[in-house]
Structures are given as C-alpha cells and as structure tokens.
Amino acid sequence: MVKRSKKSKSKRVSLKQKYKVIRKVKEHHKKKAKDAKKRGLNRKPKVEKDPGIPNDWPFKEQELKALEARRAKALEELEAKKAARKERAQKRKLGLTEDGDISNLADTVSVKEQKFGERRVNKDSTGIPKSRVCSLSTDNSDRAFYKELVKVTEASDVVLEVLDARDPLGTRCVDMEKMVMKAGPDKHLVLLLNKIDLVPREAAEKWLTYLREELPTIAFKCSTQEQKSNLGWKSASKAAKPSNLLQTSDCLGAETLIKLLKNYSRSHD
C-alpha cells in the first residue's frame with residue numbers, strides 16, 4: 001500500500017482566480033457604499049448656524065454695544081489675573097510675602113495648641129473616651145510634623161515640591177511655599193510635576209506654562225522598571241521623540257533636575 005505524504009498541499013491559486021476574488025471584493029464594497037448613501041447613513045448632521053441679531057430689531061445697536069462691553073470686561077479680568085500672578089511670582093523670587101495672606105503652618109499649630117489647652121472632655125466610667133485619644137494623637141502628630149518640616153527647611157538650600165500631574169493644584173501646599181520664601185532669598189523652591197505619562201501631553205504642557213510663571217518647574221516621570229536591581233535613569237537621546245519616551249520604562253526629567261541643582265551649587269558656591 002502506497003503511503004500518503006504528510007506534507008500539506010500548496011494553497012497557491014492561479015492569478016485568474018486571485019484577481020477574480022479582488023474584483024468581487026471591490027464590487028461588494030461598492031454596493032455596500034451605494035446602499036449606505038441611499039439610506040443616508042454617511043450624512044453628517046448639519047450644524048445650525050447662529051442667525052445673529054435681526055436687522056429689524058430696534059435695540060440691535062444697544063445689544064451689540066453691551067456684547068462688546070462684556071467682552072472687554074472679560075479681557076480686562078484675564079489681564080488683571082495674569083498681572084497679579086506675575087506679581088506674586090516676582091515676590092516669591094525675591095523672597096517677599098504679604099503678611100495678610102493665608103496664615104502659615106506655625107500659626108495653625110499655635111491655634112491648635114490653644115484649643116487643646118482649653119478643651120475639656122467629660123470622662124466616662126471606663127476612663128478616657130476614644131474621641132480624646134484621637135485628638136491627642138492628631139495634635140501630637142501635627143506638632144511633630146511641623147518641627148521636622150522646620151528642621152528640613154532650615155538645613156536645606158533647595159526644596160523640591162512634588163506635584164501630581166493629574167491634580168497639580170490639589171497636591172500643592174501654599175503654606176509650605178510661603179514658609180520657604182520667608183526663610184530668606186538663599187532658599188530655592190522647585191516644583192516637580194510628576195506622573196506626566198498619566199495625562200495628555202497638551203494638558204502637561206499647559207500646566208508647565210502656568211506653573212513656570214511663578215516658580216521653576218520640571219516635568220518628571222519616575223522609572224517604571226520592574227527589576228529591583230536595575231533601577232535608574234538614562235539620558236534621553238535627542239533623536240527620540242517625547243511621545244515615544246513617555247511610553248518607555250525609563251525615568252525622565254532627572255537629567256534636567258541634576259543640571260538645575262548643579263547651576264544652584266555653582267552660583268552659591
């Protein structure tokens with residue numbers, strides 16, 4: 001008995017058959033597009049344009065003047081906000097802060113100490129209630145945290161404030177910034193916008209322009225490598241695109257941060 005070959009048969013077809021299949025596919029797509037056009041599936045919804053103010057309306061000129069006045073007022077408010085922000089940034093650079101602003105951490109701690117001294121809690125038969133124990137622990141932790149923060153601020157020349165790119169204003173501490181600025185002009189405060197790979201590139205760029213009007217800000221992305229023994233940062237090549245760099249597991253922004261710290265060290269010996 002003759003044994004059959006175990007090799008698979010060739011799946012090649014003739015050119016005639018190949019072009020026949022291509023032609024059938026084209027005809028099918030053409031017929032499908034024609035049916036969709038008849039049903040109106042490909043039509044885009046028409047956007048109704050604003051007709052504006054009719055010419056026959058007797059108060060047209062007054063309404064146009066009011067619109068212009070509102071636009072001018074909105075532009076003036078924007079300019080005023082920009083000027084105020086620039087003024088605050090200049091004061092922070094010079095180490096000047098207004099006393100009438102938000103109270104710093106020392107004031108809050110002193111207020112808490114006064115409240116703690118005036119607080120009187122009734123004792124139950126079991127002894128000290130849980131509410132008093134919680135208040136004692138929170139007050140002690142606040143005081144200890146403030147003392148450590150003051151020590152670190154006095155001992156450091158550059159303070160890095162790490163912000164989350166998803167919510168920069170929510171993770172920003174204005175009281176701490178004012179305390180650093182009041183410490184003297186030799187203290188430098190740098191904002192580190194972390195996790196830029198978790199937000200769109202346009203949003204990160206807008207936040208950087210907004211924050212750089214007040215303080216030096218660096219875009220940063222921590223290393224996401226899984227190997228515990230192979231952690232580190234690499235200098236980004238100039239040929240690589242920023243969009244590709246955000247998808248990598250390497251750390252970004254560390255080189256810029258090191259350069260900034262070196263400039264501070266050279267300028268202040």
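Within segment 171-182, is there a residue that is surrounded by 11 or more Cβ atoms within 10 Å (Cβ to Cβ), under 17 Å from ALA89 (Cβ atoms), at pLDDT 90 or above and touching a strand residue (DSSP E or B) at 6+ places or on another chain (Cβ under 6 Å)?
no
Conditions tested, residue by residue: (1) in contact with a helix residue (DSSP H, G or I) (Cβ under 6 Å, 6 or more places away or on another chain); (2) exposed (fewer than 10 other Cβ atoms within 10 Å of the Cβ); (3) at pLDDT below 85.
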| position | (1), (2), (3) |
| --- | --- |
| LYS31 | no, no, no |
| GLY40 | no, yes, yes |
| LYS49 | no, yes, yes |
| ARG71 | no, no, no |
| THR97 | yes, no, yes |
| GLY100 | no, yes, yes |
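Of the residues that make up segment 177-191, is at least one under 20 Å from the mean Cα position of the chain (by Cα), over 20 Å from GLU148 (Cα atoms) and not aliphatic (A, V, I, L, M)?
no
Among the residues of segment 192-206, count how many are outside any helix (DSSP H, G or I) and closer than 20 Å to SER223 by Cβ.
Residues that pass the stated criteria total 5.
Considering only segment 206-214, I want to know if a residue exists there that is modelled with pLDDT under 85 and polar (S, T, N, Q).
no
When only residues in segment 185-209 that are closer than 16 Å to ARG88 by Cα, touching a residue at least 12 places away in the same chain (Cβ under 8 Å) and out of contact with any Phe, Trp or Tyr (no Cβ under 8 Å at 6 or more places or on another chain) count, which is surrounded by the fewest Cβ atoms within 10 Å (Cβ to Cβ)?
Per the stated criteria, the residue is PRO185.
Give the residues of segment 217-226 that are of a type outside the set (S, T, N, Q) and loosely packed, with under 13 Cβ neighbours inside 10 Å, sorted by residue number.
Correct list: GLU226 only.
Does ASP164 count as touching a strand residue (DSSP E or B) at 6+ places or on another chain (Cβ under 7 Å), at pLDDT 60 or above and under 30 Å from LEU198 (Cβ atoms)?
yes
The values are calculated or read from the model by the stated rules, or taken from the named source; none is laboratory data. Keep in mind the model is a prediction, meaning the values are calculated, not measured. In this analysis, Cβ positions are derived from the backbone assuming ideal geometry, glycine residues included, and neighbour counts consider all displayed protein chains.
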